[in-house]
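Before any comments, here is the structure.
The values are calculated or read from the model by the stated rules, or taken from the named source; none is laboratory data. Quick caveat, the model's predicted, so the values are computed rather than measured. Counting neighbours? That spans all protein chains shown, and the Cβs are built from the backbone with ideal geometry, glycine included. Accessible surface is based on the protein model in full, side chains and every heavy atom, while ligands, DNA and RNA are left aside. Shrake-Rupley method; radii C 1.70, N 1.55, O 1.52, S 1.80 Å.
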Amino acid sequence: MTHKFVDLRKDGKHTHLYDAIDGKKVREVLWGDWLTIDGPPSQGWQKVIWSPNNPRYRRELFIPEDHLSDHRPLEIIFLDVGQGDGAVLITPETDQDERVLVIDAGIDDNMHRFLRKRFGGYRDLHFDAAVLTHPDQDHYGGFRPIFDDPDFRFKNLYHNGLIERAVSGSFVKIGGKTRDPVARRSYVTDIRSDRNSIAALYPQGAPIDDYEFPPLMRSALAMQGLEFAMLSTEHGVLEHGKRYVPGFAPSDAHPYQIEILAPVCEFDGNGDPRLRVLGSSYGKTKNGHSVILRLRYKEFSVLFGGDLNKAAEKFLLTHYAGIEGFPDKGTQDYGDMVEDAAAHWRSDIMKVCHHGAADVTDAFLETVNPACFIISSGDEEGHVHPRPDLLGRLGRFGRGKAPVLLSTELQRSSREKEDEKIVDRIRRTIEKTGNGLTENQQEKLRDDVTKLARVNVDVYGAIYLKSDGERLITAFKIEQPSMNKRWFWFEYRFDSRGRLSVV
């Protein structure tokens, strides 16, 4: 048996598996889905073994031969981690050449379970990099169960240099805030870029268990072979005046690259690195110095926006435009700033900053000007993410007549988790009334109840982005039981004049 991938049909229609040659549709499949092929094609059809490793679900199905490809698209899954951010980038290579980056992991164990389900059936759980964009728990908390799981390995842990530690036994913060009298600005100067400098913050015996970030770092430090490295405008691979994630620079000769746009690292008079204090609080500073990445894959670009805020956006726009001071909207300087910064920031797809908070500038949205916005947010939280007024602004500053707005929370209408009280009540009912059932029947009921207790986010809320560099789709699962209509997607293409539009 061999493997092939579902192709993206030129007519834009969905692809299905059939119960026989010229038979009945039984399951819709999406571009890039990995299929097990049995034997040579016959009459223009190819036999597929569905779920080959699970006897309970194993079936012989069929697909038109011309709906298959030997190549797969690059894939990004914006996982619905509840409140927080979590994305998985999978390069288009196969087998041992496939590379996986986990960019944030939410606050709970959703990412851990998703990675096991997504990769555990066909490969080991050894990945290229974990990117911790900044030390907010709804971005890093989900890495804890991953780092504690002995089956998982990462080559690199990338971060923004702001490493939290316990202070005075009462709270956690980054250290080394000073004021530069010449620049008349405050800076965070205690930047920790590598393994040794991070390990020094957590000596053996130091009390860390009352806090979330230090135990996470302890778990990471215990992971075998894991290297630590800061990403910034001064940390990474420098080529042609830009910084890239190691292994994703132009010289690595891949059709894709990942540029590092932030944080902007500055230096003091002694040449030591520092990060500017942004806004009025510690939280504004650590959010504003999120690791911001821009993926370029042939024709398409995707921006990962971290938790940027107004203070950070103003700083980044003026920095990249090479100007001092943020100009008033409506002036020529404002337009020049947007145009100059757009050379670095303009992207086709944007992971929206800070889960759809309203603390963003129109200038930043105008500069990025994507055709599609993707928002990672959770339900039953007090932040009102995504903000309704922000959604209107996204539509206003998006590209084209009808920019697409996708949200992990809004694409999932079901609850994030089923009510535990209801689940427990059903379990007790099974125990009381199960005497007339066989053990297999009781076990099946218990399995069904366990499924109810699981979170729904990795099933329905996830937003999938797939591209071969010339065509791109964003897709999500439809919440209905039909196997023949499981996906809803938007396809994007560039026309002859280079304008991007939804097909």
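Some observations on this one:
- Some residue of region 227-237 being open to solvent by 30 Å² or more (accessible area, probe 1.4 Å), assigned to a loop (DSSP other than H, G, I, E, B) and farther than 17 Å from Val167 by Cα: yes
- Criterion (hydroxyl-bearing (Ser, Thr, Tyr) and within 22 Å of Ala229 (Cα to Cα)) met by exactly one of Tyr158, Tyr122: Tyr158
- Here the condition is being in a loop (DSSP other than H, G, I, E, B), out of contact with any Cys (no Cβ under 6 Å at 6 or more places or on another chain) and either within 13 Å of Met217 (Cα to Cα) or open to solvent by less than 10 Å² (accessible area, probe 1.4 Å) (or both); of Gly121, Gly161, it holds for Gly161 alone.
- For Lys466, the conditions (1) at pLDDT 85 or above; (2) assigned to a helix (DSSP H, G or I); (3) open to solvent by less than 30 Å² (accessible area, probe 1.4 Å); (4) not small (Gly, Ala, Ser) all hold with the exception of (2).
- Filter result for Gly400 (part of a loop (DSSP other than H, G, I, E, B), under 30 Å from Phe5 (Cβ atoms), of a type in the set (Gly, Ala, Ser) and modelled with pLDDT of 85 or more): yes
- Selection within region 271-300 - within 25 Å of Ile463 (Cα to Cα), β-branched (Val, Ile, Thr) and in a helix (DSSP H, G or I): none
- Hey, Gln224 farther than 18 Å from Gly283 by Cβ, part of a loop (DSSP other than H, G, I, E, B), touching a strand residue (DSSP E or B) at 6+ places or on another chain (Cβ under 8 Å) and open to solvent by 30 Å² or more (accessible area, probe 1.4 Å) or not: yes
- Matching option when the condition is open to solvent by less than 40 Å² (accessible area, probe 1.4 Å), touching a strand residue (DSSP E or B) at 6+ places or on another chain (Cβ under 8 Å) and either under 25 Å from Phe373 (Cα atoms) or of a type in the set (Gly, Ala, Ser) (or both), among Asp104, Asp128: Asp104
- Some residue of region 190-211 being outside any loop (DSSP other than H, G, I, E, B), within 23 Å of the chain's Cα centre (by Cα) and not hydrophobic (A, V, I, L, M, F, W, C): no
- Taking (1) at pLDDT below 90; (2) open to solvent by 20 Å² or more (accessible area, probe 1.4 Å) in turn, Phe476 satisfies each apart from (1).
- Among the numbered conditions (1) within 30 Å of His126 (Cα to Cα); (2) surrounded by fewer than 18 Cβ atoms within 10 Å (Cβ to Cβ); (3) touching a Lys or Arg at 6+ places or on another chain (Cβ under 8 Å), the only one that Glu60 does not meet is (1).
- Only listed residue being open to solvent by 10 Å² or more (accessible area, probe 1.4 Å) and not in a loop (DSSP other than H, G, I, E, B), chosen from Arg9, Arg27: Arg27
- Exactly one residue out of Gly32, Gly44 is at pLDDT 95 or above, of a type outside the set (Lys, Arg), under 23 Å from the mean Cα position of the chain (by Cα) and open to solvent by 10 Å² or more (accessible area, probe 1.4 Å), and it is Gly32.
- Subset of region 12-24 (residues that are within 20 Å of Val503 (Cα to Cα) and open to solvent by less than 70 Å² (accessible area, probe 1.4 Å)): Gly12, His14, Thr15
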